[in-house]
1. If you roll a 1.4 Å probe over the heavy atoms of the protein chains, what accessible area per residue do you get for the chain, in Å²?
2. Calculate, in whole percent, how much of the Cα-Cα pair population of the chain lies beyond 17 Å.
3. Please get the size of the charge dipole for the chain, origin at its Cα centre, with Cβ charges of +1 on Lys and Arg and -1 on Asp and Glu, quoted in debye to the nearest 20.
4. Work out, step by step, the length gained on full extension between residue 28 and residue 88: first 0.36 nm times the residue separation, then minus their alpha carbon distance; give nm to one decimal.
5. Report the extension gain between residue 99 and residue 66 in nm, rounded to one decimal, defined as 0.36 nm multiplied by the number of residues separating them, less their alpha carbon distance.
6. Leaving out ligands, DNA and RNA, what percent of the accessible area of the chain is carbon and sulfur, probe 1.4 Å?
7. For a quick check of your reading of the filter: which trypsin sites (Lys or Arg not before Pro) in the stretch 37-108 sit in a DSSP loop and have no more than 15 other Cβ atoms within 10 Å?
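The values are calculated or read from the model by the stated rules, or taken from the named source; none is laboratory data. For clarity, every value in this text was computed on a predicted model and none was experimentally measured. Cβ coordinates were reconstructed from backbone atoms using ideal geometry, including for glycine residues, and neighbour counts include every protein chain displayed. For accessibility, only protein heavy atoms count, side chains too; no ligands or nucleic acids. Shrake-Rupley method; radii C 1.70, N 1.55, O 1.52, S 1.80 Å.
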Amino acid sequence: QVQLVESGGGLVQPGGSLRLSCSASGITIIGYRWAWYRQAPGKQRELVATITNNGRKNYEDSVQGRFTISRDNAKNTVYLQMSSLKPEDTAVYYCNTDSSLFPWGLGTQVTVSS
């Protein structure tokens with residue numbers, strides 16, 4: 001059974017940083033393009049960043065230059081390093097493949113507030 005577990009969220013002040021982790025079990029992350037998504041209150045889930053199997057990365061315009069997606073195939077984990085956080089980054093963050101292939105995890109809450 002495939003399970004995605006996101007962690008690393010929390011409350012941070014504007015300008016701060018967080019590192020999110022996504023641990024996958026029941027599958028190997030190798031061979032898939034992975035993505036981070038987020039869903040703010042009252043809004044639809046949106047794609048934030050993607051990473052291909054060979055490490056090519058793409059970002060949504062609002063996070064370009066502030067967020068970095070990475071993957072550690074040996075640890076079966078995908079990461080999202082977030083810096084220069086803004087209040088509008090507040091959301092629940094999820095990981096999945098770029099085609100949302102697997103069941104969604106519970107996500108991890110990121111709150112950016114002073």
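1. Values: 6030 Å² over 114 residues.
Accessible surface, normalised per residue, equals 53 Å².
2. Considering the chain, 48 percent of its Cα-Cα pairs are separated by more than 17 Å.
3. Working: 11 positive and 8 negative charges, 34 e Å.
Using only the charged Cβ atoms, the result is roughly 160 debye.
4. Numbers: separation 60, 0.36 × 60 = 21.60 nm, distance 3.26 nm.
Answer, rounded to one decimal: 18.3 nm.
5. Working: separation 33, 0.36 × 33 = 11.88 nm, distance 2.36 nm.
Between residue 99 and residue 66, full extension yields 9.5 nm more.
6. Working: 2810 of 6030 Å².
Within the chain, the accessible surface is 47 percent carbon and sulfur.
7. Working: sites: 38, 43, 45, 56, 57, 66, 71, 75; in loops: 43, 45, 56, 66, 75.
Of the trypsin sites (Lys or Arg not before Pro), the ones in loops of the stretch 37-108 whose Cβ has at most 15 other Cβ atoms within 10 Å are 43, 56, 66, 75.
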